[in-house]
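The values are calculated or read from the model by the stated rules, or taken from the named source; none is laboratory data. Please read these numbers as outputs of a predicted model, since none were measured by experiment. Glycine also receives a Cβ, built like all others from the backbone with ideal geometry; neighbour counts cover every protein chain displayed. With ligands, DNA and RNA removed, areas are computed over all heavy atoms of the protein, side chains included. Shrake-Rupley method; radii C 1.70, N 1.55, O 1.52, S 1.80 Å.
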Protein chains: 4
Amino acid sequence: MPERPLPTEKEVRALIRDRRNWGRWGKDDQIGALNLITPARRAAAARLVRTGRSVSLSRPFPKEPGPNNALPAQHYMRTLPRGTGGFAADYYGIFYHGIASTHLDALCHTWDDEAMWNGRDPKKEITFDGATFGSVEHWAEGIITRGVLLDVPRHRGVPSVTLERPVHGWELEDIVRARGITLEPGDAVCVYSGREAWQAANGDRPYGRPFGPGPMERPGLHVSCLEFLRDHDVSVLVWDMLDHLPVGYDVPWAVHAALFAYGVALVDNALLEPLSRAAAEEQRDDFMLVVAPLVVVGGTGSPANPLAVF
Amino acid sequence: MPERPLPTEKEVRALIRDRRNWGRWGKDDQIGALNLITPARRAAAARLVRTGRSVSLSRPFPKEPGPNNALPAQHYMRTLPRGTGGFAADYYGIFYHGIASTHLDALCHTWDDEAMWNGRDPKKEITFDGATFGSVEHWAEGIITRGVLLDVPRHRGVPSVTLERPVHGWELEDIVRARGITLEPGDAVCVYSGREAWQAANGDRPYGRPFGPGPMERPGLHVSCLEFLRDHDVSVLVWDMLDHLPVGYDVPWAVHAALFAYGVALVDNALLEPLSRAAAEEQRDDFMLVVAPLVVVGGTGSPANPLAVF
Amino acid sequence: MPERPLPTEKEVRALIRDRRNWGRWGKDDQIGALNLITPARRAAAARLVRTGRSVSLSRPFPKEPGPNNALPAQHYMRTLPRGTGGFAADYYGIFYHGIASTHLDALCHTWDDEAMWNGRDPKKEITFDGATFGSVEHWAEGIITRGVLLDVPRHRGVPSVTLERPVHGWELEDIVRARGITLEPGDAVCVYSGREAWQAANGDRPYGRPFGPGPMERPGLHVSCLEFLRDHDVSVLVWDMLDHLPVGYDVPWAVHAALFAYGVALVDNALLEPLSRAAAEEQRDDFMLVVAPLVVVGGTGSPANPLAVF
Amino acid sequence: MPERPLPTEKEVRALIRDRRNWGRWGKDDQIGALNLITPARRAAAARLVRTGRSVSLSRPFPKEPGPNNALPAQHYMRTLPRGTGGFAADYYGIFYHGIASTHLDALCHTWDDEAMWNGRDPKKEITFDGATFGSVEHWAEGIITRGVLLDVPRHRGVPSVTLERPVHGWELEDIVRARGITLEPGDAVCVYSGREAWQAANGDRPYGRPFGPGPMERPGLHVSCLEFLRDHDVSVLVWDMLDHLPVGYDVPWAVHAALFAYGVALVDNALLEPLSRAAAEEQRDDFMLVVAPLVVVGGTGSPANPLAVF
């Protein structure tokens, strides 16, 4: 599989600026590409369920400190008596963005120097009380759509994507073609890059450093994947590895630009190895995907347990 | 609709002790009545989806302090620059049990003077690091099953259940019969009691006081509903009002005994008014229910956004 | 003791605007009236210690929910093994402003329509990462100064201040005179209003509602006390009851204006009943006061345990 | 300065077991060695204040993630309007034990295989609601005593203590003798080991790993310092480096055994470089030390800003 030419800076900018979906569903739209998931598409997704096998795409709630978990989630317990019995209750606390927690990004999560989704100004929309535009409660009815697995390690015949060789848009096209998949508008694409295998091969080396200083470097999806997402009217990107870093272009965001430019939902840090195994066993590439975010008014996303049902 | 005789203390104890499901799925089982949701039942649930209408059964993440929210959830914002752009991220913190948050109870959540689910000892299983038996990660693959709405206000022709007239097991039987519903093992039952209407009629009076001292009093489901749950092999109870209090019997838990006695999952404080409306409009009583808990190892449950899909 | 005429709206505005200390210690000063506590004043405060009796002026960390505690502080425990032994550790979380927690207000905590302390713009200085001006770390070396008790209930011969009869500036002058106290620049004034007695007499009625909607009403210090603070160059106000509400004038803050106008530190919700008793027993009105805030860069204050040493 | 023979295992055990202070102040005592700080000792401490120079011994509230800060403290901001003005308020959250935060350890914090302070059983006293014995609220009136600086780098003529050469009890004796210091019962000893210089010389290498797995290694005070603390009836140990690890003996705790064996308060992770400088400039080794813990009922300690006043 020969490498192909990288897009130019101008082409990358055009992907983000010229092909954006602002206004496509109205200038005040806060749903974005999830508009493509019509009730009919939900019903079609449900019809994909055959054996009823369900696979969780969530990593465990990241409580353990470590190089991949700079801000560990909190889990604190209480027990209380109730008459002659009792109960246990617990507190969950999480700053869920970053690289440790499986979570959904809402449309308000990222922006470039121009604007947030649909041209809004983050200085106005991001407040101490939460986001006032593009926040996660607008997706309260959940994401129920067709999920399609694109298994990069299987396609490459390697255990995982590496820093040296990011996933490109053309490679995703190759996978779709090779697997005979027909993508439809509103589909969720699950790009498996082999993060567990990468970590196993890299010991204590963290996958990324989301909050610290210094240059960031991590294997993942090249900015060229934006074109793939846009061409196929993908509504949701579920991925285990995130944007390849450094971006390599003078833009603040690589694939994360899909949020503010296209209105595409991102499910970061999904656990896709079990999905890869299940899909192989089921001999299928598609399934019903369900993501049910917490209904946090003003929230920039939500920790989530995405389910793939075959 | 005449009232019927209340069960005796002995009958209530028998419901909790004699009919319990301990050992039914093995003495080390941590799945409980969710074992009844086989892959085939999941597939059957998916086949219930026709129009693709999705309804969120979640109240908003309870951030606002108030008499119904003694321990408000936390939502704190950050913004950070990223090159010429930026991003917003936020912290969610919640002590989710109680009456404010829509959440799933795991099997380890309650116990009586005898034991937790499957006869385990809470003194051993509930630790500072989390529960070591019956915790929520054992339900990581989610709950996907047939949901059935039992709409008590519609049945009664009133806006809501009241403190004076709790929901009884025989009334749920009446509703099932009147609606011509056939319950099957593994079904999720959504008992709508009209909590919003009750609150609207009761102003500042809190629905309940889960953490404070003093006698507790609230409208809801009578302990006699346990029999209904057990007779029909219900796997999940989704409810907006919870156990009627005071219990009226010398047992620590009323319907919440379904957790440790039967292994039934509870989805507390669901928002069922929109479901009631949707079901009326769709002219259906059943739908696909999806609950996807956060995968918290050792967790006693999870805040959740349950979805009903018609 | 006859009541005296209330200040006019114009007089109140003049107190806040015309007598403010902006620029008094330089236009970039972030220390405020604590500049008056010179090393020599600290040494003089230490010389006030005779018997060595120490009194905590802190309420307990407010963990319990209730009408006076809309956002309860968090206290969660862990235990962990260490070899053949072990240890216990805990998490403290608190949104400490409001009426429940004894805490210090930093200069950045309040502002009116004009500006923060020293004329700064809150829109620029208050960021998602903390305050960039007038924040609490500028008081890292602590407050060590002469404390003077002004005991209003003792002066009035009643158990507590009431809503009907707020504490006025002229009343504080009366107390100073009656007790033969000579105030000096840099002194901390501890105004005891009998909050415990008020609460005991008012049952479940909350002392105040800092975060909820609706009109606010509470007994405490009238805006006229500002004049007293300014005339005597007080550096710190320690109080158990806070500003009398409603303010009664068209200004956003009553005595809390001392923060942004005069640079005076406030210690809100102090526990002064034990101090009142100790002072009576020691037959003294003054003592060494020590307040040692947590060194939170960008913090708007700090929970604190102020100590009075006789 | 020749090294001296290490104590034997038996001697170390004898230090912890045979010389412990259990029962010394009554079998139910929860104050420990702070009993030695009588009112008279507090008054004497205040008399040490001459110039009134105050030095904070607190590191900044540890918000930044990093190798020395596995569980970063939380600082979240809010702003809210108030009439025509407004205010800023913030949330502080911290799991303060470990190596990042300057904090006080209460007597309940550590135990060995035998017991907690005064022979209590941690299984009974450490609960989900807090500790029921030896917790920090028993020190609510604060620690006000004579502080004495023991400056190890100055004594050694090096920038810092190193892993290869821990601080021994006999070295502390040498320093006391060399400086002509007379220790008195109830004194607080501030042992400066040069942690900042050590960190500057060791780049990204963390000072310690309190919560992670694997062997722990860090420079600091050898278990032999216990003898020094006990011989001089020290009430408080303030230190920047903590126990030298690995301990080198088959005991769970080295100097941290002073908590449960002697009832000595520990102020971990103090910032002592500024104190070292101030003491040199003031040409003094002693000063008034004030530590004012938050009054957390059941708390195992408290974040603190200890003050040294010359």
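Taking residue C:60 as the residue in question, decide whether it is free of Cβ contacts under 8 Å to residues at least 12 places away in the same chain and of a type outside the set (Val, Ile, Thr). So residue C:60 fits the description; yes.
Taken over the stretch B:261-310, the residue count meeting the criterion of being within 28 Å of residue A:47 (Cβ to Cβ) and open to solvent by less than 10 Å² (accessible area, probe 1.4 Å) is 20. For the stretch A:210-218, the criterion of being assigned to a loop (DSSP other than H, G, I, E, B), modelled with pLDDT under 95 and small (Gly, Ala, Ser) is satisfied by at least one residue. Just one residue in the set B:164, B:137 is within 14 Å of chain A (Cβ to nearest Cβ) and open to solvent by 20 Å² or more (accessible area, probe 1.4 Å); that residue is B:137. Residues considered: B:295, B:251, B:267, B:247. Of these, the only one that is over 12 Å from the mean Cα position of the chain (by Cα) and under 30 Å from residue A:100 (Cα atoms) is B:295. A single entry from D:59, D:4, D:19 fulfils the requirement of being at pLDDT 95 or above, assigned to a loop (DSSP other than H, G, I, E, B), open to solvent by 30 Å² or more (accessible area, probe 1.4 Å) and more than 26 Å from residue D:304 (Cβ to Cβ): D:19. Looking at residue A:146, is it modelled with pLDDT of 95 or more, within 16 Å of the chain's Cα centre (by Cα), within 14 Å of chain B (Cβ to nearest Cβ) and open to solvent by 10 Å² or more (accessible area, probe 1.4 Å)? Here the answer is yes, as residue A:146 does meet what is asked. Residue D:154 fulfils the conditions (1) of a type in the set (D, E, K, R); (2) under 18 Å from the mean Cα position of the chain (by Cα); (3) surrounded by fewer than 20 Cβ atoms within 10 Å (Cβ to Cβ); (4) part of a helix (DSSP H, G or I) except for a single criterion, (2). Selection of the stretch D:223-238 for residues being within 17 Å of residue D:107 (Cβ to Cβ) and either polar (S, T, N, Q) or open to solvent by less than 10 Å² (accessible area, probe 1.4 Å) (or both) yields D:226, D:229, D:234, D:235, D:236, D:237, D:238. Does the stretch D:32-52 include one or more residues that are open to solvent by less than 30 Å² (accessible area, probe 1.4 Å), at the interface with chain C (Cβ under 8 Å from one of its Cβ atoms) and in a strand (DSSP E or B)? No, the stretch D:32-52 contains no residue that is open to solvent by less than 30 Å² (accessible area, probe 1.4 Å), at the interface with chain C (Cβ under 8 Å from one of its Cβ atoms) and in a strand (DSSP E or B). Which members of the stretch B:7-16 meet the condition of being not small (Gly, Ala, Ser) and not in a loop (DSSP other than H, G, I, E, B)? Within the stretch B:7-16, B:9, B:10, B:11, B:12, B:13, B:15, B:16 meet the criteria. Here residue A:171 fulfils each of the conditions (1) surrounded by 18 or more Cβ atoms within 10 Å (Cβ to Cβ); (2) acidic (Asp, Glu); (3) part of a loop (DSSP other than H, G, I, E, B) apart from (3).
Only one of the numbered conditions (1) more than 12 Å from every other protein chain (Cβ to nearest Cβ); (2) surrounded by fewer than 24 Cβ atoms within 10 Å (Cβ to Cβ) is not met by residue D:244, and that is (2).
If you go through the stretch A:73-96, how many residues are more than 12 Å from chain C (Cβ to nearest Cβ) and either within 36 Å of the chain's Cα centre (by Cα) or buried (at least 23 other Cβ atoms within 10 Å of the Cβ) (or both)? Number of matching residues: 6.
If the condition is being within 11 Å of residue A:263 (Cα to Cα) and part of a loop (DSSP other than H, G, I, E, B), then the stretch A:221-237 contributes A:233, A:234, A:235. The set of residues from the stretch A:283-295 being within 8 Å of chain B (Cβ to nearest Cβ) and either basic (Lys, Arg) or in contact with a helix residue (DSSP H, G or I) (Cβ under 6 Å, 6 or more places away or on another chain) (or both) comprises A:288, A:293, A:295. Taken over the stretch C:110-132, the residue count meeting the criterion of being within 11 Å of another protein chain (Cβ to nearest Cβ), buried (at least 20 other Cβ atoms within 10 Å of the Cβ) and touching a residue at least 24 places away in the same chain (Cβ under 8 Å) is 6. The listed residues are A:263, A:301, and the only one of them that is away from every other protein chain (no Cβ under 14 Å) and at pLDDT 95 or above turns out to be A:263.
Going through the stretch D:56-65 one residue at a time, which ones are among the hydrophobic types (A, V, I, L, M, F, W, C), within 7 Å of chain C (Cβ to nearest Cβ) and within 16 Å of residue D:147 (Cα to Cα)? Scanning the stretch D:56-65 gives no hits. All conditions but one from (1) facing chain C (nearest Cβ under 8 Å); (2) open to solvent by less than 20 Å² (accessible area, probe 1.4 Å) apply to residue D:99; the one that does not is (1). Screening residue D:104 on (1) within 7 Å of chain C (Cβ to nearest Cβ); (2) in contact (Cβ under 8 Å) with a residue 24 or more places away in the chain; (3) touching a Gly at 6+ places or on another chain (Cβ under 7 Å) shows it passes everything except condition (1).
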